[in-house]
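Trainee: The structure's right below; bear with me while I get my questions together.
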Amino acid sequence: WVNLGTKGRSMETGSVSRFITVISGRYFCTDEAAVIEVLARRTIAQRQRIKEAYKLTVGKDLADDLQGELTGNIEKVVLGLLMIAPKYDAYELRTAIKGSGTEEAALIDILASRTNAEIRAITEVYMKEHGKSLEDDVEADTSGMFQRVLVSLLTAGRDESNTVNEAQAVQDAKDIYEAGEACWGTDEVKFLTVLCVRNRNHLLRVFEEYQKISGRDIEDSIKREMSGSLEDVFLAIVKCLRNKPAFFAERLYKSMKGLGTTDSILIRIMVARAEIDMLDIKTEFSKAYGKTLHSFINGDASGDYRKILLELCGE
């Protein structure tokens, strides 16, 4: 467990047994603290074992029982915590595209930041859970170049080697410069070909060369040349390649700053990244905004929702 050290991480028989008793018994509605204490202080693997123990002991599905007892944002956090990572991502993607409208932010946050192996696992779970292809659903719900970028990411075909081809890096920088800043209009396909295919080390060199050629940072050029969801997805790709924890720190900050909170983004990142890079996200958050992530959550959320997010955040 990355972000909280050893605090509360062991699978004490007594606490888990009490948890099962509390959930299955009549006092559950007044003891959400037990849910937070046990589920937010365990790893994904441990929570899967708790689910198995619950079904064995009670004969019912833990997620179903919790869904019947909890409401609002704490319910969304708890149900997310009970899913393994690819299932949670698949669930979030399905939620983003089903029904009327599309939550483009979810598509971008997930698909721009996951590895090839993670994307393949997500697409497999999605097919198993929903009986249809994630790519087909994305194509049916999006359009234009934004759709093409998402489909490219869904192929999970990015080069993941560490090789940098210096001559190719210079050419790639020239290609995207000539496709954007150097011409009238923008050839977005050139950006897709470079940003969705090349490996991270190679692209970091491309960004350096691009700065030399154009006199601008690649992010500034994307902002100048594109707009809307296409701009957002290309910026997310660049930011994740440069510093993934900093990308998520920025997303968390924007979800909480100003009036109101974009809870869908806040919950998704806190649940999905808790065991991956939360320590690094917290460091980047403090560095960028001069305040701790813990203090932001503490001032932005309330009640049991705040308590469970703070547990995931750690000290």
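Trainee: Would you please list the contacts, defined by Cβ atoms under 8 Å and residues six or more apart or on different chains, that run from a residue in region 190-217 that is over 12 Å from Y177 (Cα atoms) to a residue that is assigned to a helix (DSSP H, G or I) and open to solvent by 50 Å² or more (accessible area, probe 1.4 Å)?
Mentor: Qualifying pairs under 8 Å: L192/R148; H202/Q168; L204/R242; R205/E166.
Trainee: Which one of these is open to solvent by 40 Å² or more (accessible area, probe 1.4 Å) and aliphatic (A, V, I, L, M): L266, L293, L279, L252?
Mentor: Only one candidate qualifies: L279.
Trainee: Which condition number does R47 fail, the rest of (1) open to solvent by less than 30 Å² (accessible area, probe 1.4 Å); (2) modelled with pLDDT under 90 being met?
Mentor: (2) is the only condition that R47 fails.
Trainee: Another question about this same structure. Looking for whichever is open to solvent by less than 40 Å² (accessible area, probe 1.4 Å), out of contact with any Asp or Glu (no Cβ under 7 Å at 6 or more places or on another chain) and farther than 22 Å from A272 by Cα here; the options are V149, V138. Which one fits?
Mentor: The match here is V149.
Trainee: Search region 254-265 for residues that are under 12 Å from I297 (Cα atoms) and pair each with any residue that is assigned to a loop (DSSP other than H, G, I, E, B) and open to solvent by less than 40 Å² (accessible area, probe 1.4 Å) when their beta-carbon atoms are under 8 Å apart and the residues are at least 6 apart or on different chains.
Mentor: Pairs that qualify, where the first residue is under 12 Å from I297 (Cα atoms) and the partner is assigned to a loop (DSSP other than H, G, I, E, B) and open to solvent by less than 40 Å² (accessible area, probe 1.4 Å), are T261/A301.
Trainee: Using the structure shown, decide if L309 is free of Cβ contacts under 8 Å to residues at least 60 places away in the same chain and open to solvent by less than 40 Å² (accessible area, probe 1.4 Å).
Mentor: So L309 fails the test.
Trainee: Next up: Kindly provide the set of residues from region 187-228 that are crowded, with 20+ Cβ neighbours inside 10 Å and either in a loop (DSSP other than H, G, I, E, B) or assigned by the TED database to the domain that holds L150 (or both), ordered by number.
Mentor: Of everything in region 187-228, those that are crowded, with 20+ Cβ neighbours inside 10 Å and either in a loop (DSSP other than H, G, I, E, B) or assigned by the TED database to the domain that holds L150 (or both) turn out to be C196, R198, M226.
Trainee: Identify the residue in region 70-128 that is hydrophobic (A, V, I, L, M, F, W, C) and in a loop (DSSP other than H, G, I, E, B) and, among all such residues, is surrounded by the fewest Cβ atoms within 10 Å (Cβ to Cβ).
Mentor: I84
The values are calculated or read from the model by the stated rules, or taken from the named source; none is laboratory data. As the structure is a computational prediction, the values presented were derived from the model and not from experiment. Cβ sites come from the backbone with ideal geometry, for glycine too, and all protein chains shown count toward neighbours. Side chains are part of the model used for accessible areas, which takes the heavy atoms of the whole protein and leaves out ligands, DNA and RNA. Shrake-Rupley method; radii C 1.70, N 1.55, O 1.52, S 1.80 Å.
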